[in-house]
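Asker: One structure is given below, represented as structure tokens, and several questions about it will come after.
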Amino acid sequence: MDGARLSDPDSPNVWVIYGGRRHRIESSNVYDALFSEIDRLIPSHEIDEIEMGPELNDGTCLVRACGTLPVYLITGFPHAKRHLIPTFETALAFGFDLTKTHDIPAIVIDSIPMGEDLESASERVKI
């Protein structure tokens, strides 16, 4: 299910799945910083059955080092982690809007501890 965005029909909560866990998207600002469309939300009453991971709170964003291609999802403020989005296909599978990627100095990105790489189900099949 990694890459799926789930909505709870009984609440305003929206979740993104990665690393086998659900991560609540804290606000519409965070959602808008990562995604461009809302039509890929999957309504689900079984969200509570998926292990919960850290929330994607304000400050969560897509970044890359100036002049480079690798894009990272930065999460977990105030204890930030960077998660490599290893391929364009993975970015598409998650529905990330790469036009919202911020170019920042490499030294800043390198100072953020690594989390697990993001991987879509289709990318795992290729291995």
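Asker: Does the stretch 31-53 hold any residues that are buried (at least 19 other Cβ atoms within 10 Å of the Cβ), over 18 Å from residue 92 (Cα atoms) and under 16 Å from the mean Cα position of the chain (by Cα), and which are they?
Answerer: 53
Asker: Could you list, in sequence order, the residues of the stretch 41-61 that are of a type outside the set (Val, Ile, Thr) and in contact with a strand residue (DSSP E or B) (Cβ under 6 Å, 6 or more places away or on another chain)?
Answerer: 41, 43, 44, 51, 52, 53, 55, 56, 61
Asker: Pairs, please: C-beta under 6 Å, at least 6 apart or cross-chain, first residue closer than 22 Å to residue 67 by Cβ and at pLDDT 95 or above and in the stretch 101-125, second open to solvent by 60 Å² or more (accessible area, probe 1.4 Å) and part of a loop (DSSP other than H, G, I, E, B)?
Answerer: Once the first residue is closer than 22 Å to residue 67 by Cβ and at pLDDT 95 or above and sits in the stretch 101-125, its partners that are open to solvent by 60 Å² or more (accessible area, probe 1.4 Å) and part of a loop (DSSP other than H, G, I, E, B) give 103/66; 117/86.
Asker: A follow-up question, please. Check whether at least one residue in the stretch 77-88 is aromatic (Phe, Trp, Tyr), outside any strand (DSSP E or B) and within 18 Å of residue 121 (Cα to Cα), and report yes or no.
Answerer: Looking through the stretch 77-88, at least one residue is aromatic (Phe, Trp, Tyr), outside any strand (DSSP E or B) and within 18 Å of residue 121 (Cα to Cα).
Matching residues to (1) among the β-branched types (Val, Ile, Thr); (2) at negative phi; (3) assigned to a loop (DSSP other than H, G, I, E, B); (4) free of Cβ contacts under 8 Å to residues at least 24 places away in the same chain:
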site: 23; (1), (2), (3), (4): no, yes, no, no
site: 30; (1), (2), (3), (4): yes, yes, no, no
site: 33; (1), (2), (3), (4): no, yes, no, no
site: 38; (1), (2), (3), (4): yes, yes, yes, yes
site: 48; (1), (2), (3), (4): no, yes, no, yes
site: 54; (1), (2), (3), (4): no, yes, yes, no
site: 62; (1), (2), (3), (4): no, yes, no, no
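The values are calculated or read from the model by the stated rules, or taken from the named source; none is laboratory data. Keep in mind that what you see is a predicted model, and the values were worked out from it rather than measured. Glycine also receives a Cβ, built like all others from the backbone with ideal geometry; neighbour counts cover every protein chain displayed. Just so you know, the surface numbers come from the protein's heavy atoms only, side chains and all, with ligands and any DNA or RNA stripped out. Shrake-Rupley method; radii C 1.70, N 1.55, O 1.52, S 1.80 Å.
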